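J.: Input: one structure, supplied below.
What follows is calculated from the coordinates using simple rules that are stated; it is not laboratory data. Computed from a predicted structure; not experimentally measured.
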């Protein structure tokens with residue numbers, strides 16, 4: 001088993017163990033909500049003239065907050081971040097989106113989400129590269145009531161960014177940059 005696949009094990013075990021241990025109270029969604037989830041992600045960048053690139057593993061963080069519209073719908077903003085360290089270069093990809101969360105069953109825990117906004121790329125080191133464009137996100141998750149207003153929330157996200165040109169000192173170095181990120185996370189949500 002590859003080392004990157006072993007990183008998924010703690011998330012899978014936490015989901016499997018926590019599900020039967022949590023009280024099965026119906027979720028209460030009202031007012032302001034927020035959440036935070038560390039993630040394990042796999043990124044696939046493409047660009048004009050780059051040739052074929054492999055999926056790369058990395059780690060990230062999802063931060064979300066918003067308002068409850070009803071027991072079925074929540075609206076908010078969500079920030080997704082993916083990072084990878086290679087030698088002396090840290091690569092960061094991110095999306096900031098306005099997102100709609102849909103709970104198909106008003107008293108249920110399963111949700112679907114989708115939205116759009118901005119996408120960015122940054123590579124530190126020498127030379128550094130940076131770009132900003134548009135992006136979108138989609139995902140699925142499940143709120144497991146942990147007590148009070150807190151839920152343990154496993155999520156599966158996919159987000160895409162069409163960054164365009166990556167620049168160094170205001171000069172386009174790479175054109176047609178696009179990034180796709182698939183991530184697994186386990187976080188806390190406060191409703």
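J.: Please report the spacing between the Cα centers of segment 165-191 and segment 68-114 in Å, no decimals.
T.: Centre-to-centre (Cα) distance: 14 Å.
J.: May I pose another question? For mean projected area of the Cα convex hull in nm², which listed value, (1) 10.9; (2) 11.6; (3) 15.0, comes from the coordinates shown?
T.: Label (2) holds the value from this structure.
J.: Take the chain, connect every pair of alpha-carbon atoms lying under 10 Å apart with a spring to form a Gaussian network, then pick out the residue of 127, 154, 45 with the largest mean-square fluctuation.
T.: 127
J.: Let me ask another. Let me have the relative contact order for the chain, percent, based on Cα pairs under 8 Å that are six or more residues apart. Before the final figure, lay out each step's value.
T.: On the way: 519 pairs, mean separation 42.2, N = 191.
Relative contact order here is 22 percent.
J.: Let me ask something additional. What percentages make up the Cα-Cα pair-distance distribution of segment 29-91 when the bins are 10 Å wide from 0?
T.: 19, 32, 25, 17, 7
J.: Here is a further query. For the chain, find the longest principal axis of its Cα atoms and tell me its angle to the long axis of helix 9-21, 0 to 90°, nearest 10.
T.: With rounding to tens, the tilt is 10 degrees.
J.: Using the eigenvalues of the Cα gyration tensor, what equivalent ellipsoid semi-axes result for segment 67-111 when each is taken as the square root of five times the eigenvalue, whole Å, largest first? Write out the running numbers ahead of the final one.
T.: Values: eigenvalues 230, 25, 5 Å².
For segment 67-111, the ellipsoid semi-axes come out as 34, 11, 5 Å.
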